[in-house]
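The block underneath contains the structure these notes are about, expressed in structure tokens.
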């Protein structure tokens, strides 16, 4: 039961450099992993990245809240690691593929102020591109990765060839307007067990970020965007997912403070009701779709995963991955 719940949570909760230096390999196992783990010193940090090889236009995987390359050591997340690795290995047949690792993860630098803020992550990615002499790239990612990709596209559109979102993700979350909701979001972040006690530090900044085009109706981004979406797994369902698994004791929450919070929430039906009502009333799904259509116009390709003919949601997601890969290949210059 634990592994099933964790897998569902991973899907639903967001499933969020130096000069003149040459990349230095720190770990290489291309035969079994499909990539080489390397280090590069940029103007902002020492950054680890996964080098998947390939030729042609550059494809950069933008990390979400999880570090996909590290999930191979966690049984509950291993299949997600395999999917991530296979996707980028396949992409390397059409692109030159890199997967930089965010500050605070892996062997990348851990120090700095507000290192999980979207703006700072975007600056780290741009510095990686500068150091690797990458003028522009196609960006691919999921969970909270669209926030970083949109920030780069809004402020540095010349650096972005296309944006590809690999599964239903979020770029604008439900606004937090009271302490009850903030507490719920804060402790829900611990559902991402791979983040351990850092979970709120990593996840909460995503709730404070909003791209310019969400409010600015005059904003246009002339970049191709592939956006998969699902009414069954939208931002409200992501935020409320933990409520569906509450029990007297919640062993799938490893952090003691978070587990105590959900134990108390299990007993407080009135609070559960208020959280559900709030999230339902503040559902940003339609505004998100309107903003995407207005901003990207003819450059937007939408994929409704709910319309895919498959026996269950997981199979629909598998087929959606195939469709996403077909789109990714279609926008490469080699085709």
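The values are calculated or read from the model by the stated rules, or taken from the named source; none is laboratory data. The structure presented is a predicted model; accordingly, all values stated were derived computationally and were not measured. Every residue, glycine among them, receives a Cβ derived from its backbone with ideal geometry; neighbour counts consider all protein chains shown.
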Subject >> Number of positions in the stretch 73-85 that are more than 17 Å from the chain's Cα centre (by Cα) and in a helix (DSSP H, G or I) >> reply: 3
**OP:** Among the residues of the stretch 134-151, write down those that are surrounded by fewer than 21 Cβ atoms within 10 Å (Cβ to Cβ) and farther than 21 Å from residue 38 by Cα.
**Re:** none
Subject >> Checking residue 333 against (1) modelled with pLDDT under 90; (2) part of a helix (DSSP H, G or I); (3) under 20 Å from residue 140 (Cβ atoms), the condition it does not meet >> reply: (2)
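Can you work out which of the residues in the stretch 141-150 that are in a helix (DSSP H, G or I) and touching a helix residue (DSSP H, G or I) at 6+ places or on another chain (Cβ under 8 Å) is farthest from residue 83 (Cα to Cα)?
Taking the stretch 141-150 as the starting set, the residues that turn out to be in a helix (DSSP H, G or I) are 145-150.
Remaining after also requiring touching a helix residue (DSSP H, G or I) at 6+ places or on another chain (Cβ under 8 Å): 147-148, 150.
On the way: 147: 22, 148: 21, 150: 24 Å.
Out of the qualifying residues, it is 150.
Quick check, is residue 107 within 23 Å of residue 196 (Cα to Cα) and not in a strand (DSSP E or B)? Spell out how you get there, then give the answer.
Numbers: within 23 Å of residue 196 (Cα to Cα): yes; not in a strand (DSSP E or B): yes.
Yes.
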Original post:
Got at least one residue in the stretch 172-195 being assigned to a loop (DSSP other than H, G, I, E, B) and under 14 Å from residue 146 (Cα atoms)?
Top reply: yes
Subject >> Yes/no for residue 138 being over 24 Å from residue 328 (Cα atoms) and touching a helix residue (DSSP H, G or I) at 6+ places or on another chain (Cβ under 9 Å) >> reply: no
**OP:** Please go through the stretch 110-133 and pick out each residue that is farther than 28 Å from residue 80 by Cα and crowded, with 17+ Cβ neighbours inside 10 Å.
**Re:** 131
Original post:
Quick check: anything in the stretch 199-209 part of a loop (DSSP other than H, G, I, E, B), in contact with a strand residue (DSSP E or B) (Cβ under 7 Å, 6 or more places away or on another chain) and either at pLDDT 95 or above or within 30 Å of residue 135 (Cα to Cα) (or both)?
Top reply: no
Subject >> From the options 206, 230, residue that is under 22 Å from the mean Cα position of the chain (by Cα) and over 28 Å from residue 105 (Cα atoms) >> reply: 230
Original post:
Scanning for something out of contact with any strand residue (DSSP E or B) (no Cβ under 8 Å at 6 or more places or on another chain) and under 24 Å from residue 253 (Cβ atoms), does the stretch 42-58 turn up at least one residue?
Top reply: no
Original post:
Is it the case that some residue within the stretch 265-282 is outside any helix (DSSP H, G or I), more than 22 Å from the chain's Cα centre (by Cα), under 20 Å from residue 178 (Cα atoms) and at pLDDT 95 or above?
Top reply: yes
Subject >> Matching residues, the stretch 236-262, being part of a helix (DSSP H, G or I) and over 14 Å from residue 191 (Cβ atoms) >> reply: 236, 256, 260
Original post:
Can you name the condition, by its number, that residue 97 falls short on among (1) over 19 Å from residue 45 (Cα atoms); (2) in contact with a helix residue (DSSP H, G or I) (Cβ under 8 Å, 6 or more places away or on another chain); (3) in a helix (DSSP H, G or I)?
Top reply: (3)
**OP:** Return the only residue of 296, 245, 213, 252 being crowded, with 20+ Cβ neighbours inside 10 Å and closer than 26 Å to residue 183 by Cα.
**Re:** 252
